[in-house]
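Below: the structure, in structure tokens.
The values are calculated or read from the model by the stated rules, or taken from the named source; none is laboratory data. Keep in mind that this is a model prediction, so the values were computed, not measured. Cβ placement follows ideal geometry from the backbone for every residue including glycine, while neighbour counts extend to all protein chains displayed. Note: areas computed on protein heavy atoms with side chains; ligands, DNA, RNA excluded. Shrake-Rupley method; radii C 1.70, N 1.55, O 1.52, S 1.80 Å.
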Amino acid sequence: MYDVTHVSPMIPDKQLIRLRFEQAAATYEQQATVQSRVAVRLLHLLEEAAPGFKPADVLEIGCCTGLLTEKTLSRYPGIDHFTLCDLVASFEQHVCRRIGIHAHKLTFLAGDIEAVPLADRYDLVISSSTLHWVHDLPGLCAKLYGHLYPTSILAFSLYGTDNLLEIRTVAGTGLAYRTLEQLQAVVAERFDILVACESRETLWYADPIAVLQHLRATGVNSIGQKAWTRRQISTFIADYAALFAGEQGVRLTYHPMFIVARPKAEPVAV
């Protein structure tokens, strides 16, 4: 176990996030193996928690290039209207190309889900590998609660305290991730939790440079704006290899967490 108590928590810069993911659009799907598996598992957990569920009006937060969008439309062919929200406006084109004949069902909201107005109520609000970027998750849960029916479902995945542990240990900075228990406490203020679970995914790369290339290709390198000096890069490579090398190369950990929940009849006052 590695000590990350010295890691300085960073507040996500939404403009930098938008820029990094926009730059990674062409390489995202090739590198986003964990994100793809997480999307598949999220839908599987939703199916198990709500058999027979048939959403007609859906909101997806953080659609990116449409990995989850396509899978959701395939699983729930009765969807009439699919609203997508993403910081990157150009992702609308990627998603429309991916889903083809279903593109007429889409409404695309380019902007920050914490700020963009939502006009409708939804049967399903779904999000995968996105909500760890928000500034105020309790506030967002409160907002979404107001746009759901009593029979609606909120289903999402995000990442927990062991996520990118290796990067955070060596670089000394990273997002302020929650534990599963902390996440449940946030959601339970307004929702009855049907599913709450977590897992760990370990990826292996030839060397620390390959790790950095992977993060850049998926847009996950959205923490700091300042470019590293050659000395900083050399130090990072040496420290990463010393701490996290194994027979398969060097490792990188993902820590996905999953929530499926229904709105409470009467949310707890906060």
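Of note:
- Two-site FRET efficiency, GLU247 against ALA110, from Cβ-Cβ distance with R₀ of 45 Å, rounded to 0.05: 0.50
- Antiparallel DSSP beta bridges within the chain, percent to nearest 5: 45 percent
- Region 5-70 shape via C-alpha gyration tensor axes, a/c threshold 1.5: prolate
- Accessible carbon and sulfur surface of the chain relative to its total accessible area, %, 1.4 Å: 53 percent
- Two-decimal Rg to Rh for region 121-256 - Kirkwood Rh, Cα set: 1.06
- Over the chain, dividing the summed -39,500 (n - 2.57) contributions of all DSSP H runs of at least 4 residues by the number of residues returns a 222 nm mean residue ellipticity of -10500 deg cm²/dmol.
- Inter-label distance for ARG41 and GLU22, nm, one decimal - labels placed 7 Å from Cα along Cα-to-Cβ: 3.2 nm
- Length gained on full extension, ARG200 to TRP228, computed as 0.36 nm times the residue gap minus the Cα-Cα distance: 7.2 nm.
- In this structure the amide hydrogen of LEU109, modeled in the peptide plane, comes within under 5 Å of the amide hydrogens of LEU84, CYS85, ASP86, none closer than 5 places in sequence on its chain.
- Solvent-accessible area of SER157 with every protein chain in place, 1.4 Å probe, in Å² to the nearest 10: 0 Å²
- Annotation: extensible slack from LEU118 through HIS147 equals 9.7 nm (criterion: 0.36 nm per residue apart, minus Cα-Cα distance).
- Per residue, the accessible area of region 115-270 comes to 45 Å² when a 1.4 Å probe rolls over the protein heavy atoms.
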